[in-house]
Amino acid sequence: MSDSDSYEINASAPNHPDAKHVDAHLVIDKSEWVPGKHPDPQQRHEGQTEYLERYIQCLRCGQEALNERDLPVECDRR
Ligand SMILES: [Zn+2]
């Protein structure tokens, strides 16, 4: 994505109706199956081989975080 067209996502995010603004970021909810046991012991269970990890990702800078508070204040487009 070039610098010139990345601003269009910022304006409307037509492909991501769920995107929301968090400070300077424009984030969407993501989830991904991760092999192994859940890092949180309360969500682990016997014989678990993979777990669904939920996280958020900024459409602009690509930064991923487990929750909004973990995002850096600055949104650096790369
Ligand atoms: Zn960002």
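Across the range 30-78, what is the number of residues that are acidic (D, E), surrounded by 11 or more Cβ atoms within 10 Å (Cβ to Cβ) and touching a Cys at 6+ places or on another chain (Cβ under 9 Å)?
Count: 2.
Return the residue satisfying two criteria in turn: it lies in the range 40-75 and is among the acidic types (D, E) and over 21 Å from D29 (Cβ atoms), and of such residues it is farthest from the ligand (Cβ to nearest atom).
E46
Across the range 26-39, what is the number of residues that are hydrophobic (A, V, I, L, M, F, W, C) and either in contact with a Lys or Arg (Cβ under 9 Å, 6 or more places away or on another chain) or within 14 Å of the ligand (Cβ to nearest atom) (or both)?
Result for the range 26-39: 3.
Every read-out reported here was derived from the displayed coordinates using simple, explicitly stated rules and does not represent laboratory data. None of these values were measured; they are calculated from a predicted model. FYI the Cβ positions are ideal-geometry reconstructions off the backbone, even for glycines, and counts take in every protein chain you see.
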